[in-house]
Amino acid sequence: MDKKEIVLSGIRATGNLHLGNYYGALSKFVKMQQDYDCLYFIADLHALTTNPDPAQLHENVKNILAEYLAAGVDPEQATIFVQSDVPEVSEMYLLLNMHVGIGELMRTTSFKDKARKQLGISTAADSDEEIEKQIIGTNSNKRVNAGLLTYPTLMAVDILIQKATKVPVGKDQEQHLELTRRFARRFNSFYGVDLFPEPENFNFGDHAVKVPGLDGSGKMGKSEGNCIYLVDDEKTIRKKVMKAVTDQGPTEPNQPVSEPVENLFTLMELTSAPEIVTHYRDAYADCSIRYGDLKKQLAEDILKVTLPIRERYQEIRADDEYLARVTRMGAEKARERAAATLAEVKQAMGIRKFY
Ligand code: TRP
């Protein structure tokens with residue numbers, strides 16, 4: 001049998017997962033697990049960059065783990081693990097940092113966004129200079145931590161230590177993947193080795209799915225009134241959908257669709273049968289549409305996706321023994337490869353033992 005390509009992806013351990021995570025990540029994880037050698041993990045070390053409450057962090061890891069499993073990620077087919085259960089990652093993170101420039105990390109969009117927020121700098125044109133000034137200045141000792149800066153190093157290590165070549169992630173992670181490729185090339189060429197393959201993003205079809213939120217603009221995120229959690233109960237989901245932002249309704253035939261309404265159509269395209277979508281598109285075009293009906297239908301179809309997940313979630317989430325078994329098994333598999341790569345990395349760098 002051919003050796004299957006290695007797929008790796010992770011989700012940061014912050015809060016519960018929503019429909020955006022489901023269509024953007026989880027459903028792909030499930031589709032890929034049969035055809036590829038898949039590793040899926042929960043990034044608890046990455047979550048530390050925002051200094052979460054310790055008890056809450058552990059709960060979050062547990063929730064996401066149970067959500068992976070409830071959504072159909074199968075521990076018999078894929079390797080499911082918790083990032084911190086693989087200490088080789090932390091060790092290689094130190095080593096790889098020796099080949100990562102502070103400047104390239106500071107220029108990363110995700111870093112600039114987060115640093116700006118932390119420092120209270122607006123998105124004005126000269127904000128790059130302001131970030132630098134404030135970070136290097138004496139007053140910002142801890143407002144932007146070094147872990148946040150080196151977030152991309154840690155992510156690159158997650159990927160490179162498993163020698164993954166396919167990394168299914170959303171658009172917002174493209175830049176981190178680009179850095180990962182750069183670090184891989186740099187390491188290989190610096191030490192004259194061929195240790196790391198260059199990973200690429202993976203999408204079914206040719207474009208990343210963008211799952212819109214319910215508040216009229218942008219993608220689904222964790223903000224109030226915008227997102228549907230996989231574990232929301234029936235009443236909550238109906239209520240959220242019925243409250244979704246729309247507009248006054250079309251007044252002439254074939255009028256262009258406004259963003260809030262287009263967002264609802266997009267959600268329908270993800271969750272409803274094609275004839276249903278066509279029905280409402282046609283109703284929009286001839287001005288007979290009633291948004292209330294569309295929303296009722298949409299809520300119904302979303303519930304068909306989420307309710308079974310919620311049911312399985314509740315069962316799995318309560319089964320500590322099962323969760324322990326899954327993560328122990330996953331950690332063993334993930335560590336085996338990680339240890340092998342780490343040994344190669346240390347050998348290449350000249351970190352060698354006398355005994
Ligand atoms: N940075 C990713 C996110 O926020 C999570 C992540 C961490 C990840 N390490 C990874 C994703 C490695 C893919 C591969 O979504």
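Among the charged types (D, E, K, R), surrounded by fewer than 17 Cβ atoms within 10 Å (Cβ to Cβ) and away from the ligand (no atom under 12 Å from the Cβ) - does that describe any residue in the range 139-156? Let's see the steps before the verdict.
Filtering the range 139-156 for residues among the charged types (D, E, K, R) gives 142-143.
Pick out the ones that are also surrounded by fewer than 17 Cβ atoms within 10 Å (Cβ to Cβ) and you get 142-143.
Still in the running and away from the ligand (no atom under 12 Å from the Cβ): 142-143.
Taking every residue of the range 139-156 in turn, at least one turns out to be among the charged types (D, E, K, R), surrounded by fewer than 17 Cβ atoms within 10 Å (Cβ to Cβ) and away from the ligand (no atom under 12 Å from the Cβ).
Anything in the range 1-27 that is within 14 Å of the ligand (Cβ to nearest atom) and over 30 Å from Ile237 (Cα atoms)? List them, or say none.
Ile6, Val7, Leu8
Scan the range 263-290 for residues that are surrounded by 13 or more Cβ atoms within 10 Å (Cβ to Cβ) and part of a helix (DSSP H, G or I) and report the count. Before you say what the answer is, go through the steps one by one.
Step one: of the range 263-290, the residues surrounded by 13 or more Cβ atoms within 10 Å (Cβ to Cβ) are 263-272, 276-277, 279-281, 283-285, 287, 289.
Retained after the next criterion (residues that are part of a helix (DSSP H, G or I)): 263-271, 276-277, 279-281, 283-285.
Number satisfying all stated conditions: 17.
Tell me whether the range 184-196 contains one or more residues that are without any contact (Cβ under 8 Å) to a residue 60 or more places away in the chain, assigned to a helix (DSSP H, G or I), more than 20 Å from Lys112 (Cα to Cα) and of a type in the set (Ser, Thr, Tyr). Full working, then the answer.
Filtering the range 184-196 for residues without any contact (Cβ under 8 Å) to a residue 60 or more places away in the chain gives 184-185, 188-189, 192, 194, 196.
From what is left, the residues that are assigned to a helix (DSSP H, G or I) are 184-185, 188-189.
From the residues that got through so far, the ones that are more than 20 Å from Lys112 (Cα to Cα) too are 184-185, 188-189.
Adding the requirement that they be of a type in the set (Ser, Thr, Tyr) leaves 189.
Looking for residues that are without any contact (Cβ under 8 Å) to a residue 60 or more places away in the chain, assigned to a helix (DSSP H, G or I), more than 20 Å from Lys112 (Cα to Cα) and of a type in the set (Ser, Thr, Tyr), one finds at least one in the range 184-196, hence yes.
Could you list all residues from the range 33-48 that are at pLDDT below 95 and outside any loop (DSSP other than H, G, I, E, B)?
Listed by number, the list is empty, since nothing qualifies.
Restricting attention to the range 44-64, does a residue exist that is over 28 Å from Leu149 (Cβ atoms), buried (at least 18 other Cβ atoms within 10 Å of the Cβ), within 14 Å of the ligand (Cβ to nearest atom) and more than 11 Å from the chain's Cα centre (by Cα)?
No, the range 44-64 has no match at all.
Keeping to the range 199-223, report how many residues are surrounded by 15 or more Cβ atoms within 10 Å (Cβ to Cβ) and more than 19 Å from Val30 (Cα to Cα).
Here the count works out to 9.
To keep it simple, each residue is scored yes or no on (1) touching a residue at least 12 places away in the same chain (Cβ under 8 Å); (2) within 22 Å of Thr180 (Cβ to Cβ); (3) of a type in the set (Gly, Ala, Ser); (4) in contact with a Cys (Cβ under 8 Å, 6 or more places away or on another chain).
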site	(1), (2), (3), (4)
Asn97	yes, yes, no, no
Val100	yes, yes, no, no
Leu105	yes, yes, no, no
Asp126	no, no, no, no
Ile131	yes, no, no, no
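What are the residues in the range 159-173 that are within 21 Å of Lys31 (Cα to Cα) and either near the ligand (Cβ under 8 Å from one of its atoms) or modelled with pLDDT under 95 (or both), if any?
Selection gives Ile159, Ala164, Val167, Pro168, Val169, Gly170, Lys171, Gln173.
The values are calculated or read from the model by the stated rules, or taken from the named source; none is laboratory data. Owing to the predicted nature of the structure, the values given are computational and were not obtained by experimental measurement. For neighbour counting, all protein chains shown are included, and Cβ atoms are generated from backbone atoms with ideal geometry for every residue, glycine included.
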